[in-house]
Amino acid sequence: MPEAYRKTLIRQIAQHAHSEIIGMQPEGNWISRAPSLRRKAILLAKVQDEAGHGLYLYAAAETLGVSRDQLLEQLHTRKQKYSSIFNYPTLTWADVGAIGWLVDGAAITNQVPLTRCSYGPYARAMVRICKEESFHQRQGFEALLTLTRGTPAQKAMAQDALDRWWYPSLAMFGPPDTGEQVSGGHTEQSMRWGIKRFSNDELRQRFVDMTVPQSEVLGLTIPDPDLRWNAERGHYDFTPPDYDELFRVIKGDGPCNAQRLAHRVAAHTDGAWVREAAAAYAAKRRAETEAA
Amino acid sequence: MTSEWPLWEVFIRARRGLSHIHVGSLHAPDAAMAVRNARDVYTRRGEGVSIWVVPSDQITASSPDEKDAFFDPAGDKVYRHPTFYEVPAEAKHL
Ligand SMILES: [Fe+2]
Ligand SMILES: [Fe+2]
């Protein structure tokens, strides 16, 4: 395997795994405050799925000869990144619905093509993940639908969540393919290697085209005065997200970057005694069986 | 302590009558925990009725680099397949 291909895959899969794990935090924030037992059970299952996604992906990255400890170390010391979307706060219950609908929806748009990427362990992890993401998106849509069919205050809460999550969701597809803000990214190389199959703007457009009709079912208004169907292109025209903001958040200057990472590091540190105790117990049992 | 829990390969039987199939891997301190973790990681939606875990370092694999030479003996033996043989159409149930 060419070294550059291996390195690129490790970086991408690790970033993806870190996003799943960090992504548990914004929604985990609402588990204890979910409005009903049904919603609480659903949210617990969803957050547990995200932990599972992280594990599938860490395991896929490990097949490339990097250890789990190394990967976590890179996350904790900011050498590897995670999706910038998880650096935004979840202020109301409607945010949980908006995340399922928009953030998981955008993730699905990004991930479905990866089920056919050139590296088998990554592609197979993506197959499992995509199956589970579909539940995530639908439960979020349903939660928002319940709010939009509720009281005026509930509908307003749903609209407020859409207003705050729309552009960060569009930014999840990364920098644009053309113009000044094209980052010195890896798109072209990754496409040649079969790791990436569609460009950022193609995927962003696909997401917008899919999501606008859904917003109409919800009876919510996407916060973009220039959003309209372009019959000539066969696509919606829309305002791109603020890429300067995206780069700022990636660099560490989002509303919750410090909090998310501190929480992750604390969870890891606080859990050390459990890992050590389990390993010590296993060693003791092994010694006992060998002695017997 | 910085040493990682050992790695296990996970095999799952989806239903009675099917064989166990490799689904992925995970870290666990011992075999019993590996089985429990495998249940939580790989069968959250009733994907299995039986789980095997095998320490990854106990698996011996054929070498990917020698794939062509290693599997070459079967390459020129088309006569091992039933479709190699031509029989008259009126000979039924063959
Ligand atoms: Fe996920
Ligand atoms: Fe998800």
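The values are calculated or read from the model by the stated rules, or taken from the named source; none is laboratory data. From a predicted model like this one, the values you see are computed outputs, not experimental measurements. Every residue, glycine as well, gets a Cβ built from its backbone with ideal geometry; the counts of neighbours run over all protein chains shown. Surface areas here come from the heavy atoms of the whole protein model, side chains and all, with no ligands, DNA or RNA. Shrake-Rupley method; radii C 1.70, N 1.55, O 1.52, S 1.80 Å.
So with the 1.4 Å probe, I'd like the accessible area per residue for region B:2-60, rounded to whole Å². It would help to have the intermediate numbers written out before the result.
Details: 3570 Å² over 59 residues.
Per-residue accessible area for region B:2-60 comes out at 60 Å².
Using per-residue counts of other Cβ atoms within 10 Å, averaged over each peptide, order A:236-248, B:70-82, A:101-113 from highest down. Provide the component values of the computation, followed by the final result.
On the way: A:236-248: 16.3, B:70-82: 8.7, A:101-113: 23.0.
The most tightly packed comes first, giving A:101-113, A:236-248, B:70-82.
Please list A:39-46, A:136-143 highest first by mean number of surrounding beta-carbon atoms within 10 Å per residue. Before the final figure, lay out each step's value.
Details: A:39-46: 17.8, A:136-143: 20.5.
My ranking of the peptides, most packed first, is A:136-143, A:39-46.
Looking only at other chains, what is the average number of their beta-carbon atoms within 10 angstrom of each beta-carbon in A:127-134?
Working: counts 0, 5, 0, 0, 1, 2, 0, 0.
Per residue, the average neighbour count from other chains is 1.
Using Cα-Cα distances under 8 Å and only pairs 6 or more residues apart, what relative contact order does chain B have, in percent? Provide the component values of the computation, followed by the final result.
On the way: 96 pairs, mean separation 25.1, N = 94.
RCO, chain B: 27 percent.
Can you grab the distance from the C-alpha centre of region A:196-213 to the C-alpha centre of region A:227-263, Å, no decimals?
13 Å
State, to one decimal in nm, how far the label point of B:Val35 lies from the label point of B:Val54, with both points 7 Å from Cα in the Cβ direction.
1.7 nm
Can you tell me which of A:213-223, A:21-31, B:19-29 comes out highest on packing, and rank the rest after it, using the mean Cβ neighbours within 10 Å? Spell out each step's value before the answer.
Numbers: A:213-223: 15.1, A:21-31: 20.2, B:19-29: 18.4.
Put in order of decreasing packing, that is A:21-31, B:19-29, A:213-223.
Take each uninterrupted DSSP H stretch in chain A, measure its Cα extent along the helix axis, and return the ones at 30 Å or beyond whose mean Kyte-Doolittle hydropathy is at least 1.0. Working shown, then result.
Working: long enough: A:37-62 (37 Å, 0.04); A:120-148 (42 Å, -0.29).
Qualifying helices: none.
Across peptide A:67-73, how many C-beta atoms of other chains are within 10 Å of each residue C-beta, on average?
Numbers: counts 3, 5, 4, 1, 0, 0, 1.
Mean shielding by partner chains, rounded to a whole number: 2.
Debye calculation, C-alpha points only, no solvent: report log10 I(q)/I(0) for region A:134-292 at q = 0.11, 0.15, 0.17 Å⁻¹, in the same order as the q values.
-0.68, -1.01, -1.16
On alpha-carbon atoms, Rg over Rh for region A:83-136 using Kirkwood Rh? List each step's numbers first, then the result.
Details: Rg = 12.9 Å, Rh = 12.1 Å.
With Rh from the inverse mean 1/r over Cα pairs, Rg/Rh is 1.06.
Other chains' Cβ within 10 Å of B:23-35 residues: what's the mean?
5
Per residue, how many Å² of accessible area does chain A show with a 1.4 Å probe? Intermediate results must be reported in sequence, preceding the final value.
Details: 14040 Å² over 292 residues.
I get 48 Å² per residue for this part.
For a bin width of 20 Å, list the pair-distance distribution of the protein assembly as shown built from all Cα-Cα distances, rounded to whole %.
Spelled out bin by bin, the protein assembly as shown gives 23, 52, 21, 4 percent.
So for the protein assembly as shown, taking the charge dipole from beta-carbon charges (+1 Lys/Arg, -1 Asp/Glu), which of A:Ile108, A:Leu147, B:Tyr85 sits furthest toward the positive end?
Going by the charge dipole, the pick is A:Leu147.
Round to a whole number: what % of the accessible area of region B:2-60 belongs to carbon and sulfur, probe 1.4 Å? Spell out each step's value before the answer.
Numbers: 1990 of 3570 Å².
The computed percentage sits at 56.
Tell me the total accessible area that A and B bury against each other, 1.4 angstrom probe, in square angstrom rounded to 100.
Values: alone 14740 and 8090 Å², together 21340 Å².
Answer for the A-B pair: about 1500 Å² buried.
Taking chain B as the reference, fit the longest principal axis to its C-alpha atoms, fit the long axis of helix B:31-42 to the helix C-alpha atoms, and give the angle between the two in degrees, 0 to 90, nearest 10.
So the helix axis and the longest Cα principal axis differ by about 70 degrees.
Taking the Cα atoms of region B:2-60, what is the range of coordinates along each of the three principal axes, in descending order and whole Å?
Dimensions of region B:2-60 along the principal axes of its Cα atoms: 40, 26, 16 Å.
Can you send over the carbon and sulfur percentage of the accessible area for region A:8-102, probe radius 1.4 Å, protein chains only? Write down the numbers at each step before the final one.
Values: 1920 of 3310 Å².
C and S atoms contribute 58 percent here.
Gain in length, A:Met1 to A:Arg78, computed as 0.36 nm per residue apart minus the alpha-carbon separation, to one decimal in nm? Before the final figure, lay out the partial values.
Numbers: separation 77, 0.36 × 77 = 27.72 nm, distance 2.70 nm.
Once the chain is fully extended between A:Met1 and A:Arg78, it gains 25.0 nm.
What is the distance in Å between the Cα centres of region B:63-94 and region A:70-122?
46 Å
Of B:Leu26, B:Trp52, B:Trp8, whose Cα points farthest to the positive end of the dipole of region B:2-60 (charges on the beta-carbon: +1 Lys, Arg; -1 Asp, Glu; origin at the Cα centre)?
The listed residue farthest towards the positive side: B:Trp52.
Which cross-chain or sequence-distant (5 or more) residues have an amide H under 5 Å from the amide H of B:Ser25, H modelled 1.01 Å from N in plane?
B:Val10
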